[in-house]
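Right, one structure below, let's go through it.
The values are calculated or read from the model by the stated rules, or taken from the named source; none is laboratory data. From a predicted model like this one, the values you see are computed outputs, not experimental measurements. Quick reminder, even Gly has a Cβ in these numbers, built from the backbone with ideal geometry, and neighbours come from all protein chains shown.
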Amino acid sequence: MESIDFSQPARQSSKGILVIFALNTFKFIRRYFVLFLALGLSLSKSESASFLSTTSLILIALGVFVLIFVLAILKYLNFKFHLDNDQFYLSSGIINKDMTIIPKSKIQNIHIKQNFIQQIINVVSLTIETAGDDKAEIEINALSHSVALNLKKQLFISRPISDNGLGDEPVQSALFFKASMKRLLLEGISENHIKSFLIIVSFVFGLYNEFENYLQDLGISDHFQTSVNIETGSILNLLLANVFIVVFAILGSMLFSVINTFISNFNLEVIENDNTIEINKGLFNKLSLILVPVKIQNIIIKTNRLKQYFGLHTLSIKQAMVNKKQQKNFKIVALEKHQVMHLVQKVFTRYADVDSYEKPEFYYIRLLTFRSILVGAFVNVLAFFIFGNYFWLIYIIIIPWIVLFVHFTYKKASYQITDEYLTVNTGFIDRVRNISELKKIQSVQIKQSIFQKRNEIASIHIATASDKVKILCVTDQNAKAILDYLLFKVESQDRD
Amino acid sequence: MFTNQQINLDILPSIDDVALKPISKQYLMIIVINRWVFYALIVSALMVAKLKIVHEGFQLAFWYLFSACALFCILNFVVALLAFNKRKYAIREQDVIFSKGLLVNSISVIPISRIQHIEISRSWLARRFNLATLKIFTAGESGIDLRIAGLNYSEAKQINDFLSNRVNGID
């Protein structure tokens, strides 16, 4: 690949106008969608709005589109970027001119993405992220794929290397992992469906709240009421209806999980470069992420009983100050156990998978029991108001739930501190392992409630730049020893 | 030369050996004033409610509500007073330590090499008592940030200078 000269201020590909136009139109419609609907409905009812003929409505819509299009052209014309030896420059803005300068050394991540429109007109967008801000700082909407790759490469080449002329050497890269359809399907099926269910429920409720008035106008609820009244005739019918609802909910959540997994992880590829890891994935939004091991703060490995059986592990990688939405993308699903280990060791070179973990003290069981009983009591009160005298029925669910929760959470909780790494295992249904490097710890805190003090128990909270890890319920003495050790590790390294 | 001596974990500097220093006694006055203002707000809100709401059930329940609030205020006040003695801090060669809390006690430690920036802030009330609050920030949004309230202004400045110099690498 011959390198392209980026030293002169240049615009993106002219197809960028289309991309910006489409993006802005989409944003505009999404923002005012509800408003349009409400307006439309109220207009259709009132007679006074009859002066708004179809042609004038179309004219208004056309006017809005032309305005958005002109703005897109102006935005495109005013968007210029260039690159010199160690900084990236971007000037943008139609009325307020912005000039952004990013030193190459401060770049955290560069993503190459391709959404649906970009796939059609065959361009990609490039996002540059630094540690400083919560949101992505720079997004170039339309570049041809080769230009984007070239720019990415030049941004990642630091000065000393290019001075030695080493920068032109081909980078060693090998495809490390590619998720097959079958594995993605299994991954989707073994997902935590409660989460999907909650998403669906909140979505439906959100819609219902939004359109409650219109639904009432249409008389749907009355209709629904009467149909229910007929069915309450026999208990068997009611039971059947309930079973049907439950089965429907489970199937729906499952389908949602599977589709969700497919869309966001379609064609998942992990490519190993010399000192970076590249992730490519996505069906509608094609993503390409580059991870630099030095900048990684935490690694989280997640699996559950079912997934373990299928040999599926999810690896999430946390970097400092990356926004929440982006954080979700640093996730590699459907990995085998040895593949997980390989990637972990690529990032944390000296991580050894030693199987000697410390357990929290027995007090942890008491704490968990107490907490879950508190939640149970709350649910109990709620149930009393909903079911009246039959509220005790929910004990059939609550008591086994508490027992299982306490048992599994305690069983899965453990920690390990080695010379360089801290590993903490947690989880109830999921099995979550959080690995962080001792030298990246930012601060340490011992917490002890008044009840724990009597039992000489304390908890430790350890913060890195991206995450907070907790070791719960160890003895007083242990907590202090761990604190001393961690501080020693952090504070002694800078002298080297 | 590279050395890699084994470390004897028993002789590591221990958090137990640190003599934590209590914050300025005058800060107790600020706590008391703040609390009383807060309680006064609650009580006056209740009074306004009693005068404005004519609903019968509310008038019946008023004294229960009032005594519940009073009980809460008294307990809260006692805990705040007792917790005052738990606010202690220390500066070591390599880190800053702050301990606080009666019901849930916490000891937070931030290594000096991890400090991002330091801030001294003084409220109107604190200026009257010549006190200051020292805030110490680390990187990352999840970080544990220290907020040492009730230091003498001169002492806060002294600590600030010391830490700033250490952070910037001037010894």
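Within segment A:119-134, is there a residue that is within 28 Å of the chain's Cα centre (by Cα) and part of a helix (DSSP H, G or I)?
Within segment A:119-134 (the criterion being within 28 Å of the chain's Cα centre (by Cα) and part of a helix (DSSP H, G or I)), the answer is yes, since at least one residue qualifies.
May I ask you to list the residues in segment B:12-41 that are in contact with a strand residue (DSSP E or B) (Cβ under 9 Å, 6 or more places away or on another chain) and within 14 Å of chain A (Cβ to nearest Cβ)?
Answer for segment B:12-41, where residues must be in contact with a strand residue (DSSP E or B) (Cβ under 9 Å, 6 or more places away or on another chain) and within 14 Å of chain A (Cβ to nearest Cβ): B:Ile15, B:Val18, B:Leu20.
State all residues of segment A:442-481 that are among the aliphatic types (A, V, I, L, M) and in contact with a strand residue (DSSP E or B) (Cβ under 6 Å, 6 or more places away or on another chain); if no residue qualifies, say none.
Hits for segment A:442-481 are A:Val444, A:Ile446, A:Ile457, A:Ala458, A:Ile460, A:Ile462, A:Ala463, A:Ala465, A:Val469, A:Ile471, A:Leu472, A:Ala479.
For every residue, the table says whether it meets (1) exposed (fewer than 13 other Cβ atoms within 10 Å of the Cβ); (2) of a type in the set (Lys, Arg); (3) free of Cβ contacts under 8 Å to residues at least 24 places away in the same chain.
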position: B:Ile23; (1), (2), (3): no, no, no
position: B:Val48; (1), (2), (3): yes, no, yes
position: B:Leu82; (1), (2), (3): yes, no, yes
position: B:Asn85; (1), (2), (3): yes, no, no
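Please count how many residues of segment B:137-149 are touching a helix residue (DSSP H, G or I) at 6+ places or on another chain (Cβ under 9 Å) and modelled with pLDDT under 90.
Number satisfying all stated conditions: 3.
Among the residues in segment A:265-286, are any in contact with a helix residue (DSSP H, G or I) (Cβ under 6 Å, 6 or more places away or on another chain) and modelled with pLDDT under 80?
no
Could you tell me whether B:Ala126 is part of a strand (DSSP E or B), more than 14 Å from every other protein chain (Cβ to nearest Cβ), among the hydrophobic types (A, V, I, L, M, F, W, C) and surrounded by 15 or more Cβ atoms within 10 Å (Cβ to Cβ)?
no
When segment A:420-475 is examined, which residues are found to be touching a Pro at 6+ places or on another chain (Cβ under 9 Å) and within 7 Å of chain B (Cβ to nearest Cβ)?
Listed by number, the residues that qualify are A:Gln442, A:Ser443, A:Val444.
Out of curiosity, is B:Glu119 surrounded by fewer than 16 Cβ atoms within 10 Å (Cβ to Cβ) and in the same structural domain as B:Leu151 (by TED's automatic domain parsing)?
So B:Glu119 passes the test.
Exactly one condition in (1) within 24 Å of the chain's Cα centre (by Cα); (2) at pLDDT below 85; (3) hydrophobic (A, V, I, L, M, F, W, C) is false for A:Ile230; which is it?
Failing condition for A:Ile230: (1).
Quick one: B:Ala83 ticks every box in (1) among the small types (Gly, Ala, Ser); (2) within 22 Å of the chain's Cα centre (by Cα); (3) more than 14 Å from chain A (Cβ to nearest Cβ) except a single one, so which number is it?
(3)
Return the only residue of B:Phe77, B:Phe62, B:Phe72, B:Phe66 being loosely packed, with under 14 Cβ neighbours inside 10 Å and in contact with a helix residue (DSSP H, G or I) (Cβ under 9 Å, 6 or more places away or on another chain).
Only one candidate passes the filter, namely B:Phe72.
Before we move on, is A:Ser372 part of a loop (DSSP other than H, G, I, E, B) and more than 14 Å from every other protein chain (Cβ to nearest Cβ)?
For A:Ser372, the condition - part of a loop (DSSP other than H, G, I, E, B) and more than 14 Å from every other protein chain (Cβ to nearest Cβ) - is not met.
Taking segment A:270-288 as the search range and keeping residues that are among the acidic types (Asp, Glu) and farther than 13 Å from A:Asn329 by Cα, which one is surrounded by the most Cβ atoms within 10 Å (Cβ to Cβ)?
Here the residue is A:Glu272.
Considering only residues that are more than 9 Å from chain B (Cβ to nearest Cβ) and surrounded by fewer than 21 Cβ atoms within 10 Å (Cβ to Cβ), which ones fall in segment A:476-485?
Passing the criteria: A:Asp476, A:Gln477, A:Asn478.
Is it the case that some residue within segment B:101-114 is surrounded by fewer than 20 Cβ atoms within 10 Å (Cβ to Cβ), within 21 Å of A:Gln448 (Cβ to Cβ) and touching a residue at least 24 places away in the same chain (Cβ under 8 Å)?
Yes: one or more hits.
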